[in-house]
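Have a look at the structure below before the remarks.
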């Protein structure tokens, strides 16, 4: 019998506001807590299976949805730590837990007696008088069992379970390898010549990054986007830009223990094997079967026309950058480490402002306030910070969230600064999702960012891209906070992958609303609002460099699809990436936004595998959705905001996403609004 003695702080959340008592949890507590929680979950399942009564919604579907509460809680804290504040002990356990969890869920989802009960309900669902949400949950649950192998014979079940377990291990290792490459690399600068062109905000961030690594009187270029991207924009030293860019692009392919090439080959092979076991032509067909797009062909019909327009636009942009290089006396073309640098100069030339001029007006605290204000204007939410509450790291901020009528909505936690213990990127997740089943529960939602931490006593200043990222992830957070469903299965962001980015990408639009920028874009030194002249320039420049940005993204989406629709075995993933891009006509001066060896979306777990396109699929929806507000000349139109809340932010996966969108907008959109928004038409 496994040990059931464990730290109950992981499963009984008795901290302030219903949070876990993070201060009472040690790294070594997780192993025994997982053991006990896994055993408890299986005991819950056994009760369902052993029930000799006729299967009902209550004794089968509801019981299944409410099972495994202890495991959900331990998992929520552990995976939060693994992403946002990891260490050697957590990473070692992650490599152990990932395959163990896969094995556990395979056992449940392939249980013939449990599936028989679900199948009984599914086959007579039309006679049960179910409401729309319950019927959808039953159908999704049944399909989840089938997609997990419940209908396979015992031999194929064993093979699929083995494949899933191996994929879980490889995904965990892939992510850890990228994190280690990022954490281990830093370019230390010591002279004023090395710092040529770098604005004060970037120097301050680089000084803080050097100090975190134990270096005084030094400036560190790191592989955090909040440092390396502005460094590539502003550094006048081309050789340093090349060194930094090369390290950035080679994450996950540096040889040694952190090299991801063999892992990628094995992941692709195992995914293809999984798809074939489940009766699909390829892994993309398997993944897309449960999305709005439905098929790889539908995805390509979106991506290919955009790709051609983006290439043409990027070609024109490159010609302008080459002209600028010649004007400065340069004798080289545009290399990938040059593009951001000369594009920033071109923007300054065309629109008479640069990022350094804008950044003093974009204080992190003010942009957080802006995101809360928009949520208040649209949805009536109010955010009150609760200081002094211990979370997983001292930087984490805790906010209690209230509805317009004063009732408690839930909790929101923000972890905003980069550190070596945190994986790169930005994301939203939940410690606890909303639902009304049983006793119900309120959502506990968090955002994780990687902004540069300022020197002591200095404000954190953001780039415009950083500010958009904050609004984007907060849009996801609102999807979780505003969830108003009965069943956990369809709560919050539990929607199809190519619909989940709609609430987040749509929310970005409100950052650019002039009255929001005018109110919250204030200078950190004197509190003066951003000058209207500068604000007008910022808004006029929104489509600048659109070809570059669209090529970066679309190349990643196309390579993702190519990997997962390939009819041949892929022995060398980097050669496959190279030949795929060559066939597409990838501009030599641009690389994928996420090259294959560090493509965390696709290979660190399978969340966005054969699914990176979904950002653009959702962008088609978000451009059209915001156009609805623009058509009223009121970005906070109360009637539209109410429909937006009801059908998009609160509905979760309770209905078909196409139906939800049509309820909000009245129709499905074409890609035209998205192409216009990007400026590549």
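Look at the stretch 184-226 and say how many of its residues are closer than 22 Å to residue 463 by Cβ and assigned to a helix (DSSP H, G or I). Spell out the reasoning first.
Initial filter on the stretch 184-226 (closer than 22 Å to residue 463 by Cβ): 185-187, 189, 194-212, 219-226.
Next cut, assigned to a helix (DSSP H, G or I) only: 200-212, 225-226.
Total satisfying the criteria: 15.
Let me confirm something: among 128, 189, which residue is more than 27 Å from residue 274 (Cβ to Cβ) and in contact with a strand residue (DSSP E or B) (Cβ under 6 Å, 6 or more places away or on another chain)? I'd like the intermediate steps shown before the answer.
Working: 128 fails: in contact with a strand residue (DSSP E or B) (Cβ under 6 Å, 6 or more places away or on another chain).
Selected residue: 189, the only one of 128, 189 that is more than 27 Å from residue 274 (Cβ to Cβ) and in contact with a strand residue (DSSP E or B) (Cβ under 6 Å, 6 or more places away or on another chain).
Within the stretch 349-363, which residues are part of a helix (DSSP H, G or I) and in contact with a helix residue (DSSP H, G or I) (Cβ under 8 Å, 6 or more places away or on another chain)?
Residues of the stretch 349-363 that are part of a helix (DSSP H, G or I), as a first pass: 349-351, 355-361.
Within the stretch 349-363, 349, 351, 355, 356, 357, 358, 359, 360, 361 qualify.
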Task: Conditions (1) out of contact with any strand residue (DSSP E or B) (no Cβ under 7 Å at 6 or more places or on another chain); (2) in a loop (DSSP other than H, G, I, E, B); (3) within 13 Å of residue 648 (Cβ to Cβ): number failed by residue 494 - done: (3)
- [ ] Name, by its number, the condition in (1) free of Cβ contacts under 8 Å to residues at least 60 places away in the same chain; (2) touching a strand residue (DSSP E or B) at 6+ places or on another chain (Cβ under 7 Å) that does not hold for residue 457.
- [x] (2)
Open item on the list: Here are the criteria: (1) surrounded by fewer than 23 Cβ atoms within 10 Å (Cβ to Cβ); (2) in a helix (DSSP H, G or I); (3) more than 19 Å from the chain's Cα centre (by Cα). Tell me which single one residue 563 does not satisfy.
Closed with: (1)
Open item on the list: Of everything in the stretch 1-58, what is over 15 Å from residue 76 (Cβ atoms), in a loop (DSSP other than H, G, I, E, B) and under 28 Å from the mean Cα position of the chain (by Cα)? Give them in sequence order.
Closed with: 26, 27
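Would you be able to tell me the number of residues in the stretch 601-621 that are under 29 Å from residue 167 (Cα atoms), in contact with a helix residue (DSSP H, G or I) (Cβ under 6 Å, 6 or more places away or on another chain) and touching a residue at least 60 places away in the same chain (Cβ under 8 Å)? Lay out the reasoning, then the answer.
The initial filter retains those residues of the stretch 601-621 that are under 29 Å from residue 167 (Cα atoms), namely 601-618.
Then drop every residue that is not in contact with a helix residue (DSSP H, G or I) (Cβ under 6 Å, 6 or more places away or on another chain), which leaves 602-605, 608-614, 617-618.
Now restrict to residues that are touching a residue at least 60 places away in the same chain (Cβ under 8 Å): 603-605, 608-611, 613-614, 617-618.
Of the residues in the stretch 601-621, 11 are under 29 Å from residue 167 (Cα atoms), in contact with a helix residue (DSSP H, G or I) (Cβ under 6 Å, 6 or more places away or on another chain) and touching a residue at least 60 places away in the same chain (Cβ under 8 Å).
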- [ ] Please list, ordered by first then second residue, the pairs with beta carbon atoms under 9 Å, 6 or more apart or interchain, first in the stretch 11-28 and without any contact (Cβ under 8 Å) to a residue 12 or more places away in the chain, second surrounded by 17 or more Cβ atoms within 10 Å (Cβ to Cβ) and part of a loop (DSSP other than H, G, I, E, B).
- [x] 12/20; 14/20
Task: Those residues of the stretch 123-141 which are assigned to a helix (DSSP H, G or I), surrounded by fewer than 19 Cβ atoms within 10 Å (Cβ to Cβ) and more than 27 Å from the chain's Cα centre (by Cα), in sequence order - done: 123, 125, 126, 127, 132, 135
Open item on the list: Looking only at residues that are touching a strand residue (DSSP E or B) at 6+ places or on another chain (Cβ under 7 Å) and under 18 Å from residue 241 (Cα atoms) in the stretch 211-226, which one is surrounded by the most Cβ atoms within 10 Å (Cβ to Cβ)?
Closed with: 221
TODO: Report yes if residue 144 is out of contact with any helix residue (DSSP H, G or I) (no Cβ under 6 Å at 6 or more places or on another chain) and not in a helix (DSSP H, G or I), otherwise no.
DONE: no
- [ ] Tell me, please, whether a residue that is outside the structural domain of residue 497 (by TED's automatic domain parsing), over 28 Å from residue 286 (Cβ atoms) and modelled with pLDDT of 95 or more can be found in the stretch 599-616.
- [x] no
Open item on the list: Out of everything in the stretch 622-639 that is closer than 22 Å to residue 484 by Cα and touching a residue at least 24 places away in the same chain (Cβ under 8 Å), what residue ends up being nearest to the chain's Cα centre (by Cα)?
Closed with: 622
Open item on the list: Quick check on the stretch 104-112. Is at least one of its residues part of a helix (DSSP H, G or I) and more than 30 Å from residue 10 (Cβ to Cβ)?
Closed with: yes
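Please verify whether the stretch 578-595 includes one or more residues that are farther than 28 Å from residue 322 by Cα, modelled with pLDDT of 95 or more and not in a helix (DSSP H, G or I).
Kept after step one, since they are farther than 28 Å from residue 322 by Cα, are these residues of the stretch 578-595: none.
Taking every residue of the stretch 578-595 in turn, none turns out to be farther than 28 Å from residue 322 by Cα, modelled with pLDDT of 95 or more and not in a helix (DSSP H, G or I).
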Open item on the list: closer than 30 Å to residue 420 by Cβ, in contact with a helix residue (DSSP H, G or I) (Cβ under 8 Å, 6 or more places away or on another chain) and crowded, with 17+ Cβ neighbours inside 10 Å: is that true of residue 76 in this structure?
Closed with: no
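Find the residue count for the stretch 372-417, including only residues that are in a helix (DSSP H, G or I) and free of Cβ contacts under 8 Å to residues at least 40 places away in the same chain.
We begin by selecting, within the stretch 372-417, every residue in a helix (DSSP H, G or I); these are 372-379.
Pick out the ones that are also free of Cβ contacts under 8 Å to residues at least 40 places away in the same chain and you get 372, 376.
Here the count works out to 2.
Taking the residues in the stretch 538-550 that are more than 15 Å from residue 619 (Cβ to Cβ) and assigned to a helix (DSSP H, G or I) as candidates, determine which candidate is farthest from the chain's Cα centre (by Cα).
Narrowing the stretch 538-550 to residues more than 15 Å from residue 619 (Cβ to Cβ): 538-541, 544-545, 547-548.
Narrowing the set further to residues that are assigned to a helix (DSSP H, G or I) leaves 538-540, 547-548.
Details: 538: 26, 539: 26, 540: 28, 547: 23, 548: 21 Å.
The residue in question is 540.
The values are calculated or read from the model by the stated rules, or taken from the named source; none is laboratory data. Computed from a predicted model, the values in this text were never measured in an experiment. Because the Cβ atoms are built from the backbone with ideal geometry, glycine has one as well, and the counts that use them run over all protein chains shown.
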